[in-house]
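Below you'll find the structure, written out as structure tokens, and then a few comments.
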Amino acid sequence: MSETYSNPEVIPSTQRFFELWLLGDRDEDLCFIDSFVEGIGYESWRTGMGERLAPVYPTDARIPMSKKRPGIQLTSFLGNSINTLIGSREFKEAIELQCGQQEIEYLSFTLYDHRNRPYSQDYFIINPIGTFDCLDFKASDIDWSKERPDEILFIETHVLDRNKMKDAPQLFRVGRDTHSYVIGVELIREFKKRGLTNILVEELEFSDSEQARP
């Protein structure tokens, strides 16, 4: 397994990429999200697939804290079980700085507490549009469908193809696995510089690296 960073140090190589753990820290005191924007309904599929959500996004968007988790402490990244990037204003600004040329939606909402009271208006859904083809499908640990050989059921381990990663952006959804997000080292450095919290990542290996070889 690759090393896991809860607060990544400055990393020398620019060719390093990390998968973000969307659940965040398990600390029960932290705010956790387990439901999407109220009123969106089935349209929530859009963020799961990298499609634009703005056309159906409400002007008074609101998201409640999880009723199953008592925590109310806010962090730069809000851990969640809805496969979504949810970050503070400074988290958003760090991404804008490093990913200014990318097509990314930033959708504001009001966070409500467990008593249904407004708690914060400083958070955003961050929706990178599209996906990026980055995997070495032979080296990655993939559960393929037996009925449809080209259909991926689940990816246990993501292994990167170095040739595909030459022009990789600093933030993207994994092609063929749209609920997984990858962050480049330059963006990690920016998070570190700003002291952002609750950002847990695991470094991804390249298929031509020693660690990835059988």
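Only one entry of 47, 59 meets the criterion of being crowded, with 19+ Cβ neighbours inside 10 Å and among the polar types (S, T, N, Q), and that entry is 47.
Residues in segment 193-212 that are crowded, with 18+ Cβ neighbours inside 10 Å and not hydroxyl-bearing (Ser, Thr, Tyr): 196, 198, 199, 200, 201, 203, 204, 205, 206. Applying a threshold of 6 Å to beta carbon distances and a minimum spacing of six or more residues, or different chains, the list of pairs starting in segment 43-63 at a residue that is on the phi > 0 side of the Ramachandran plot and ending at one that is aliphatic (A, V, I, L, M) and in a loop (DSSP other than H, G, I, E, B) reads 50/129. Is it the case that segment 150-164 has a residue that's buried (at least 19 other Cβ atoms within 10 Å of the Cβ), hydroxyl-bearing (Ser, Thr, Tyr), in contact with a strand residue (DSSP E or B) (Cβ under 7 Å, 6 or more places away or on another chain) and at pLDDT 95 or above? No, segment 150-164 has no match at all.
Residues in segment 97-139 that are aliphatic (A, V, I, L, M) and under 16 Å from the mean Cα position of the chain (by Cα): 104, 107, 125, 126, 129. For the structure I just gave you, tell me whether residue 45 is at pLDDT below 95 and of a type in the set (A, V, I, L, M, F, W, C). In short, yes.
Return yes when residue 188 is of a type in the set (Val, Ile, Thr) and assigned to a strand (DSSP E or B) and no when it is not. For residue 188, the condition - of a type in the set (Val, Ile, Thr) and assigned to a strand (DSSP E or B) - is not met. Against the condition surrounded by 15 or more Cβ atoms within 10 Å (Cβ to Cβ) and in contact with a helix residue (DSSP H, G or I) (Cβ under 7 Å, 6 or more places away or on another chain), how does residue 78 come out, does it pass? No.
Does segment 36-51 contain any residue that is closer than 23 Å to residue 114 by Cβ and touching a helix residue (DSSP H, G or I) at 6+ places or on another chain (Cβ under 6 Å)? Within segment 36-51, one or more residues are closer than 23 Å to residue 114 by Cβ and touching a helix residue (DSSP H, G or I) at 6+ places or on another chain (Cβ under 6 Å). Residues in segment 192-214 that are under 13 Å from residue 158 (Cα atoms), at pLDDT 95 or above and part of a loop (DSSP other than H, G, I, E, B): 204, 207. Beta carbons closer than 6 Å, at least 6 apart along the sequence or on distinct chains, pair a first residue in segment 149-165 that is assigned to a loop (DSSP other than H, G, I, E, B) with a second that is surrounded by 14 or more Cβ atoms within 10 Å (Cβ to Cβ) and among the charged types (D, E, K, R) for 161/136; 162/208.
For segment 3-15, check the following and say yes or no: at least one residue is at pLDDT below 95 and charged (D, E, K, R). Within segment 3-15, one or more residues are at pLDDT below 95 and charged (D, E, K, R). Could you list, in sequence order, the residues of segment 138-148 that are in a loop (DSSP other than H, G, I, E, B) and surrounded by 14 or more Cβ atoms within 10 Å (Cβ to Cβ)? 139, 140 - these are the residues of segment 138-148 that are in a loop (DSSP other than H, G, I, E, B) and surrounded by 14 or more Cβ atoms within 10 Å (Cβ to Cβ).
Considering each residue of segment 71-119, count those that are in contact with a Phe, Trp or Tyr (Cβ under 8 Å, 6 or more places away or on another chain), closer than 22 Å to residue 132 by Cβ and of a type in the set (Gly, Ala, Ser), and give that number. Matching residues across segment 71-119 total 2.
Can you tell me which residue in segment 105-116 is surrounded by the fewest Cβ atoms within 10 Å (Cβ to Cβ), limited to those that are closer than 20 Å to residue 59 by Cβ and not small (Gly, Ala, Ser)?
Here the residue is 116.
Scanning segment 16-44 for residues that are surrounded by fewer than 18 Cβ atoms within 10 Å (Cβ to Cβ) and among the small types (Gly, Ala, Ser) yields 35, 39, 41, 44.
The values are calculated or read from the model by the stated rules, or taken from the named source; none is laboratory data. Computed from a predicted structure; not experimentally measured. Neighbour counts are summed over all protein chains in view; Cβ atoms, including those assigned to glycine, are modelled from backbone coordinates with ideal geometry.
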